[in-house]
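K.L.:
Below are the structure tokens for one structure; questions will follow.
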Amino acid sequence: MAKRDFYDVLGVSKGADADEIKKAYRKKAKELHPDRNSDNPQAEAQFKEANEAYEVLKDADKKAAYDRFGHAAFEGGMGGGGGRPGGGFGGGDFSSAFSDVFDDLFGDFMGQRAGGGRRAARGSDLRYNLRVTLEESFSGLQKTINVPTAVACSSCEGTGAEGGVEPTTCPTCSGMGKVRAQQGFFTVERTCPTCSGLGQIIKNPCKNCGGSGRVEKNRALSVNIPAGVETGTRIRLAGEGEAGMRGGPPGDLYIFVEVVQHELFERDGVNLYCRVPVSMAKAALGGQVEVPTIDGGRGRVQIPAGSQSGRQMRLRGKGMPALRGGGVGDMFIELAVETPVNLTSRQKELLREFEELADDNNPESKSFFSSVKSFWDGMKG
């Protein structure tokens, strides 16, 4: 069976340029790839045919020979290669030709496409650690921060070229950002050494930025810290990260909040805990104690008579606000009954007298030592 005309195989005219031929081949390769046409027995043969056609027409010398002699250019030793235009996969260098469309088929999953996909590289994201007080977390605040970052060069408008002239396509990789070398049966792909993978070169680099299109600078940013932030809260400022290389889009700035430890309050979500020391006499007799609140106010708490250390009392609505709404937490007062120190002789005398009269006033002690006695009796048995 006579071979079909290579231009007909790819669906292009004889006068098509290299870009049109490449675009047509990519379209055919996607349509005819065997993995996508398991129910079409002709797909593999057609895919090989398209691969062979592209292997010839993508090369300027082979294309010129084919335009002059047709298929005969590659038969009987003509064309400098001998035999078919390529070897291996059905009459074409499959690894070479198909790698031209590999990025188009799978580039979306790899995060980069062929044809200089890195030329407008996105800038890096930045992280800024911000420490705030518990009071600032309670009320929220507007804070100005200074961020060292890379910004677009004003001299070249981010292009990297003197005077803002657009970069030119790299002649080594033709804008692909990578070069291929044949090693036996394999095609090895490497980053282009001329353009460092950018796909473009700058003939006259900007003197201000050295051709990168960006310069280092400290930026002052105003940040809105909402009420209720906690340690670990992350605030994203879109587009406030590093400027992209040579006009690429900027990255984002992420602010990680740390709420510093407070000397009076301990936080647990939206609730606050405050440990309040009370005298032994006040804990025994009961009374009122004045406590601070996070909003700077004062609250009065009634201590029941006979309160023990660790007893908690709640002040509703005196805790922290929930982030982005959702109510306010509570404040819990935890009593810490203090044992008096540096007693005077009179105080010692009164406490000894009290101890003699307090046989039935310590129910927890009585219960504990009763349990101890039972334990020891059980061990003897």
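The values are calculated or read from the model by the stated rules, or taken from the named source; none is laboratory data. Fair warning: this is a prediction, and the values are worked out from it, not measured in the lab. Here the Cβ is made from the backbone with ideal geometry for all residues, glycine too, and neighbour counts use every protein chain on show. Only protein heavy atoms, including side chains, enter the accessible area calculation; ligands, DNA and RNA are left aside. Shrake-Rupley method; radii C 1.70, N 1.55, O 1.52, S 1.80 Å.
K.L.:
So Cys206 clears everything in (1) in contact (Cβ under 8 Å) with a residue 40 or more places away in the chain; (2) closer than 21 Å to Gln261 by Cβ except one condition, right? Which one?
P.N.:
In the conditions (1) in contact (Cβ under 8 Å) with a residue 40 or more places away in the chain; (2) closer than 21 Å to Gln261 by Cβ, Cys206 misses (2) alone.
K.L.:
Follow-up question, since we're still on this one. When you scan region 290-317, how many residues do you find that are of a type in the set (A, V, I, L, M), under 24 Å from Leu343 (Cβ atoms) and touching a residue at least 24 places away in the same chain (Cβ under 8 Å)? If you could, list the steps in order and put the result at the bottom.
P.N.:
First, pick out the residues of region 290-317 that are of a type in the set (A, V, I, L, M): 291, 294, 301, 303, 305, 313, 315.
Narrowing further to those that are under 24 Å from Leu343 (Cβ atoms): 303, 305.
Filter again for touching a residue at least 24 places away in the same chain (Cβ under 8 Å), leaving 303.
The number of residues fulfilling the criteria is 1.
K.L.:
Show me the strands (runs of 3 or more DSSP E) found entirely inside region 217-279 where at least 3 residues are out of contact with any helix residue (DSSP H, G or I) (no Cβ under 9 Å at 6 or more places or on another chain).
P.N.:
Passing ranges, in order: 234-237, 253-259, 271-279.
K.L.:
Taking the stated definitions as given, is Ala18 within 29 Å of Gly175 (Cα to Cα) and either surrounded by fewer than 17 Cβ atoms within 10 Å (Cβ to Cβ) or among the acidic types (Asp, Glu) (or both)?
P.N.:
Numbers: within 29 Å of Gly175 (Cα to Cα): yes; either surrounded by fewer than 17 Cβ atoms within 10 Å (Cβ to Cβ) or among the acidic types (Asp, Glu) (or both): yes.
So Ala18 fits the description; yes.
K.L.:
Within region 239-254, can you find the residues that are among the charged types (D, E, K, R) and farther than 20 Å from Cys195 by Cβ? Outline the logic, then answer.
P.N.:
So the first thing to find is which residues in region 239-254 are among the charged types (D, E, K, R), and the list is 240, 242, 246, 252.
Scanning region 239-254 gives Glu240, Glu242, Asp252.
K.L.:
Does any residue in region 349-372 that is assigned to a helix (DSSP H, G or I) come within less than 9 Å, Cβ to Cβ, of a residue that is open to solvent by 100 Å² or more (accessible area, probe 1.4 Å) six or more places away or on a different chain, and which pairs are these?
P.N.:
So the pair list comes out as Glu364/Gln308; Lys366/Asp359; Lys366/Asp360.
K.L.:
Out of Ala243, Ala220, I need the residue that is closer than 30 Å to Gly163 by Cα, open to solvent by 60 Å² or more (accessible area, probe 1.4 Å) and of a type in the set (A, V, I, L, M). Which one?
P.N.:
Working: Ala243 fails: open to solvent by 60 Å² or more (accessible area, probe 1.4 Å).
From the options Ala243, Ala220, the qualifying one is Ala220.
K.L.:
What number goes with the only condition from (1) at pLDDT below 50; (2) not in a loop (DSSP other than H, G, I, E, B) that Ala72 does not pass?
P.N.:
Here Ala72 meets the rest and fails (1).
K.L.:
Of all residues in region 159-216, which are under 24 Å from Glu242 (Cα atoms), open to solvent by 40 Å² or more (accessible area, probe 1.4 Å) and assigned to a loop (DSSP other than H, G, I, E, B)?
P.N.:
Val165, Glu166, Ser196, Asn204, Lys207, Asn208, Gly210
K.L.:
If I filter region 357-381 down to residues being over 60 Å from the mean Cα position of the chain (by Cα) and farther than 27 Å from Arg311 by Cβ, which single residue comes out as least open to solvent (accessible area, probe 1.4 Å)?
P.N.:
Gly378
K.L.:
Separate question: When region 130-154 is examined, which residues are found to be in a helix (DSSP H, G or I), crowded, with 16+ Cβ neighbours inside 10 Å and of a type in the set (S, T, N, Q)? Break it down stepwise before answering.
P.N.:
As a first pass, look at region 130-154 and keep what is in a helix (DSSP H, G or I): 134-139.
Then drop every residue that is not crowded, with 16+ Cβ neighbours inside 10 Å, which leaves 134, 136-138.
Answer for region 130-154, where residues must be in a helix (DSSP H, G or I), crowded, with 16+ Cβ neighbours inside 10 Å and of a type in the set (S, T, N, Q): just Ser137.
K.L.:
Open to solvent by less than 40 Å² (accessible area, probe 1.4 Å), over 30 Å from Gly123 (Cβ atoms) and at pLDDT 90 or above: which single residue out of Val301, Val257, Val328 fits that description? First the steps, then the outcome.
P.N.:
Working: Val257 fails: over 30 Å from Gly123 (Cβ atoms); Val328 fails: open to solvent by less than 40 Å² (accessible area, probe 1.4 Å).
Of Val301, Val257, Val328, the one residue that is open to solvent by less than 40 Å² (accessible area, probe 1.4 Å), over 30 Å from Gly123 (Cβ atoms) and at pLDDT 90 or above is Val301.
K.L.:
Against the conditions (1) farther than 30 Å from Glu258 by Cβ; (2) in contact (Cβ under 8 Å) with a residue 12 or more places away in the chain; (3) of a type in the set (Ser, Thr, Tyr), where does Ser174 fall short? Just the number, please.
P.N.:
For Ser174, the exception is condition (2).
K.L.:
While we're on this one: So which residues in region 3-27 are in a helix (DSSP H, G or I) and either over 23 Å from Asp61 (Cα atoms) or over 37 Å from the mean Cα position of the chain (by Cα) (or both)? Step through it out loud before you land on a result.
P.N.:
Here is the first cut: in region 3-27, the ones in a helix (DSSP H, G or I) are 6-10, 18-27.
The answer is Phe6, Tyr7, Asp8, Val9, Leu10, Ala18, Glu20, Ile21, Ala24, Lys27.
K.L.:
Look at Leu237 and say whether it is more than 38 Å from the chain's Cα centre (by Cα) and open to solvent by 30 Å² or more (accessible area, probe 1.4 Å).
P.N.:
On the way: more than 38 Å from the chain's Cα centre (by Cα): no; open to solvent by 30 Å² or more (accessible area, probe 1.4 Å): yes.
It is false that Leu237 is more than 38 Å from the chain's Cα centre (by Cα) and open to solvent by 30 Å² or more (accessible area, probe 1.4 Å).
K.L.:
Restricting attention to region 336-354, which residues are of a type in the set (Val, Ile, Thr) and open to solvent by less than 80 Å² (accessible area, probe 1.4 Å)?
P.N.:
Result: Val337, Thr344.
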